[in-house]
1. Tell me the per residue accessible area of the chain using a 1.4 Å probe; a whole number in Å² is fine.
2. Taking the Cα centre as origin and putting +1 on Lys and Arg beta-carbons and -1 on Asp and Glu beta-carbons, what dipole magnitude results for the stretch 47-124, to the nearest 20 debye?
3. At a Cα cut-off below 27 Å, give the lysines reachable from residue 85, other chains included and same-chain residues fewer than 8 away excluded.
4. Leaving out ligands, DNA and RNA, what percent of the accessible area of the chain is carbon and sulfur, probe 1.4 Å?
5. How much length, in nm to one decimal, is gained on full extension between residue 42 and residue 83, taken as 0.36 nm per residue of separation minus their Cα-Cα distance?
6. What whole-number distance in Å separates the alpha-carbon centres of the stretch 53-124 and the stretch 37-52?
Amino acid sequence: QVQLVESGGGLVQPGGSLRLSCAASGRTLFAMGWFRQAPGKERDFVATISWNGGSTYYADSVKGRFTINRDNAKNTVSLQMNSLKPEDTAVYYCAARNYGMRGGSSSSSDYSYWGQGTQVTVSS
């Protein structure tokens, strides 16, 4: 079984930065991703990274502002968020694909494990 625990959320002013972290327990040789869900909206794809970090993919809305990275030695995935906008406000979820699924995906249905989420609020 895989457990994912996110951290790093909080309140930040527009234009500011936050770094989210996701700590994974258990098997970790799989692709991972970040999704977000704003109040009253569906869960949206943010970014994904392949099992070895060699491939990344971003939603158009965050491209150039967010960066996903992973450290397999520490079993962690991070999401560096810069130039934050009020529309980035949401609960952010870390997700992992099944063991052996090495390629990233933008589809939430391709992920088997989810964290509990961390709130990010961008407001002045």
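1. That works out to 50 Å² for each residue.
2. Here the size comes out at about 180 debye.
3. 41, 63
4. 44 percent
5. 12.5 nm
6. 6 Å
The values are calculated or read from the model by the stated rules, or taken from the named source; none is laboratory data. Here the structure is a predicted model, which is why all the values come from computation and not from measurement. Ideal geometry is used to build each Cβ from the backbone, glycine not excepted, and the neighbour counts take in all protein chains shown. Surface accessibility is based on the protein's heavy atoms, side chains included, excluding ligands, DNA and RNA. Shrake-Rupley method; radii C 1.70, N 1.55, O 1.52, S 1.80 Å.
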